[in-house]
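Report on the following structure.
Readers should treat all values here as calculations from the given coordinates under stated rules, not as data from a laboratory. Here the structure is a predicted model, which means the values were calculated and not measured. Positions of Cβ are backbone-derived with ideal geometry, glycine not excepted, and every protein chain shown enters the neighbour counts.
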């Protein structure tokens, strides 16, 4: 499939057209291509910028989320004026400014088993810029079921991974990791911290893989997992084999099977509270009320504040040096901003100091705040 | 040196602050840092975006050039509405939208031996996003003379190079390439063609190196030359040694010596016409006038058209199959868009077919157009 | 045997390093997993995959001396 | 001797490949340069540097069998 270039296109994409590997025919392929980017966040922002600049004719953007101040450190499509607006919509407006000769379709909705297959069918290539396991497995399975190549990128603190899945019978994400991590071991990844430029390095390389698929040039990273460490600037590549039974298991699903899949449950996100966890309502009822110790692990500047006669503050950094302050008969409730630090501290105290009278606030003060 | 973070900073850069490797102290270093980016083009655009997003307190941008339609395929800070405006000024406006809590200083002027030392002294780190050898040697020497680390990036078609020069007595660009390429072998690099996403991949990694220098974390790519090929997605790293005599030769220059250096001459850019070249005025006088063959190597869609009774069109691609069409007693003038194809074809015909009655239009139709 | 082991992502928070040389008996991938869990007990809650010389190999294959081992957790950030 | 040679940037426009295995006599960097110019005469107008096993070595050092050779031109695009 190809689409004729206008006189303006020839000038605009001249630096592509004069490359032997692209040429007029290649730029026409780019113009005819339809790419769907899931998530307009850290990875999606740079990938979208370069796909739009390259002249990809149709770009879809799926994101239900809203721009937050803490996104701006890495999500370079957004400005402070966009805070509170839907990411897909804002991204689409900026991309239209950058290139008004291509079609950009924002989908300001959550990707679900109900809409994924219909959406994927309208595009040639899927780019995964999501930030949680539940959506990543959903995206992988929908790409398999609709037969679309999937350009995968993922980040953690200073490290990134890139691969292309479901490309010409190559491996899928499930061939690499058949099952999500054990429930509770991985919380919301966007809350762990990340060096802002990292998704730029990874997202631009996702755009590059998408362009190579469109242009049918070079070596697409199918069957290879690229690993990158921003601290050492080291890359390494590990080969991935097809695990046919994993692919077959997904492909065996009917559309109805898929629509009834609960990916949140599969990824342990809908887990009930464990015996070590309490929720915000429970904590609220305990403050100033019962004889327990509520320990706020956060730094002084983190908001909202948690106040009460039975609340004390010991920052996470202080804990290793003051472990004896935890040796107490009273029940201890650990509280932090998102639930990650409290979880780490509880496990540390249980495993290394045999303390077993500790519970944590699930979801941290961010969940407390929302229900408050 | 560090600068105190505001309450807004703590929220905005939270994903940095919660990383052990960054923390409050690291974000304060980023806020106190002053980075000068030379060139707001393919490499400068992504580097600037991520430096601004990361919260670098002072960012200088040097670029005398104007936004052109053919830039937009890769220079993602610019929109069609910016065409004809100065790049440093437009880049600075967009960065202010992205982050209005940092200082952004546009220098809408050419970097010269007269202003380079004064400029560099006001910053901590120099990022090289220039597009020609002359400025690259100038930047390297000015960085050496002012003792500033230089984050180097360079691109060619589908390949890129990254290194950090002049960092803690490490190698400089001259330790790698003491002298520029022979005059005439490399023409204007922006005219060769480049895959648009490539400078995104390289420029983001330049921003990463600058941030590691600021934060004093990880392994800065000093003494290493990273090579990247977008087609194969392969990286390799080659070690660079210090060539002390090259560094000493630069450092021996007084400020006045440096100001009198002619980097264009050093890089062979001011070369007179060679015996194989004619200029636009000469060609203009020959059209419809003398009994020679003027051969236009360009594709049909390239502008401006060249018309005349002694003008014929044989595209570069057609030449290999029709070499006998060049065997003629008449003098032949080869013409292309920028002078690159005509140069390649002349050398090919001379070396492989012993034809020596060929001259080329220096600078191609782009020079013809400008003087027309 | 001496193996070079590279840890990635969240795994490094358990090992406190991203690279080490490990001297141990000739081992399979399965044995290596057990050795790592013994050395770093908190790893038992983590999901990870072990690659040997840039390939994921069968759990029962013996790992040659001087092999390069990568311990890879999944990560989902974006 | 067999050498693996990787060509970068503009050099590939003379060699028409970015990788080849070359069988030749034991050579120095200097000798390798001459061999390349003989095989690809148009290279004589190009500036390039030769790295052996990821290092730039003295022109007179002999290149061991099976070495990996990179032929690197400068490039200035941005």
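When the expected Rg is taken as 2.2 N^0.38 Å, what fraction or multiple of it is the alpha-carbon Rg of the protein assembly as shown?
1.00
For residue B:97 paired with residue D:4, estimate the spin-label separation in nm (one decimal), with each label point 7 Å from Cα along the Cα-to-Cβ line.
Those two pseudo-labels are separated by 4.7 nm.
In degrees, nearest 10, range 0 to 90: what is the angle between the Cα axis of helix B:198-215 and the longest Cα principal axis of chain B?
Once rounded, the angle reads 30 degrees.
Can you tell me what the convex hull of the Cα atoms of the range B:95-203 projects to on average, as an area in nm²?
Computing the convex hull of the Cα atoms and averaging its projections yields 8.3 nm².
Tell me the distances, shortest first, between residue B:253 and the same position across the other copies, using label points 7 Å along Cα→Cβ, in nm to one decimal.
With the label placed 7 Å along Cα→Cβ, residue B:253 yields 6.3 nm.
Report, to one decimal in Å, the Kirkwood hydrodynamic radius for chain B based on all distinct Cα pairs.
22.6 Å
Nm distances between the label at residue A:114 and the same-position labels in the remaining copies, 7 Å along Cα→Cβ, shortest first?
6.9
Most exposed first by the Cβ proxy, i.e. fewest other Cβ within 10 Å, how do A:175, D:17, B:336 rank?
With the sparsest Cβ surroundings first, the list reads D:17, A:175, B:336.
Ignore the peptide's own chain and count Cβ atoms of other chains within 10 Å of each Cβ in D:34-47; give me the average, rounded.
Per residue, the number of nearby Cβ atoms from other chains is 2 on average.
Would you mind telling me which residue in A:230, A:52, A:305 has the biggest mean-square fluctuation in a Gaussian network model of chain A, where springs connect alpha carbons within a distance under 10 angstrom?
Comparing A:230, A:52, A:305 in the GNM, the peak value goes to A:305.
Which residue, B:101, B:236, B:163, tops the fluctuation ranking in a GNM of chain B built on C-alpha contacts under 10 Å?
Of B:101, B:236, B:163, the most mobile in the Gaussian network model is B:236.
Relative to the first principal axis of the alpha-carbon coordinates of chain C, what is the inclination of helix C:29-39, with its axis defined by its Cα atoms, in degrees from 0 to 90 and to the nearest 10?
It is inclined by approximately 60 degrees.
Against the longest principal axis of chain B, how steep is helix B:87-98, in degrees 0 to 90 to the nearest 10, with axes from Cα atoms?
40 degrees
With both bridge residues required to lie in the protein assembly as shown, what share of the DSSP beta bridges run antiparallel, to the nearest 5%?
Bridges in the protein assembly as shown that DSSP calls antiparallel: roughly 45 percent.
At R0 = 45 Å, how high is the FRET efficiency between residue B:275 and residue B:169 if r is their beta carbon distance? Nearest 0.05 is fine.
0.50
Give me the inter-chain shielding for B:46-54: mean count of other chain Cβ atoms within 10 Å, whole number please.
6
Taking springs between alpha-carbon atoms closer than 10 angstrom, which of A:213, A:126, A:295 fluctuates most in the Gaussian network model of chain A?
Maximum among the listed residues: A:295.
How large is the convex hull of the C-alpha atoms of chain C per residue, in Å³?
Convex hull of Cα atoms, per residue: 90 Å³.
Rank these for me by crowding, B:301, B:286, going from fewest to most other beta carbons within 10 Å.
If I rank by nearby Cβ atoms, fewest first, I get B:301, B:286.
In which sequence would B:18, B:105, B:59 go, from the one with the fewest C-beta neighbours within 10 Å to the one with the most?
In increasing order of surrounding Cβ atoms, one gets B:105, B:18, B:59.
Suppose each label sits 7 Å from its Cα in the direction of the beta carbon; what would the residue A:260-residue A:4 distance come out to in nanometres?
According to this spin-label approximation, the distance is 5.1 nm.
Report the closest approach of any chain B C-beta to the axis of the B-to-A rotation: residue and distance, in whole angstrom.
B:235, 2
Let me know the shape class of the range A:104-143, please: from the alpha-carbon gyration tensor, a ≥ b ≥ c as square roots of the eigenvalues, rounded when a/c is under 1.5, otherwise prolate if a/b is greater than b/c, or oblate.
The shape class here is rounded.
Round to a whole angstrom and tell me the spacing of the C-alpha centers of the range A:1-33 and the range B:1-21.
44 Å
Which value does Rg/Rh take for the range A:8-48 over its C-alpha atoms, Rh per Kirkwood?
With Rg and the Kirkwood Rh in hand, the quotient comes to 1.10.
Cα centroid distance between the range A:231-246 and the range A:64-135, in Å?
27 Å
Taking the label point 7 Å from Cα in the Cβ direction, how far apart in nm is residue A:355 from each other copy of itself, listed shortest first?
8.5
For the range B:260-327 and the range D:7-40, what is the separation of their C-alpha centers, rounded to whole Å?
31 Å
Over every pair of different alpha-carbon atoms in the range A:233-372, take the mean of 1/r and invert it; report that Kirkwood radius in Å.
Roughly 17.9 Å, rounded to one decimal.
Mind listing the Cα extents of the range B:1-81 along all three principal axes, in Å, largest one first?
Extents along the principal axes, in whole Å: 42, 22, 21.
Roughly how crowded by other chains is peptide A:96-103, in terms of the mean Cβ count from those chains within 10 Å of each of its Cβ atoms?
Taking the mean over all residues of the peptide, I get 3.
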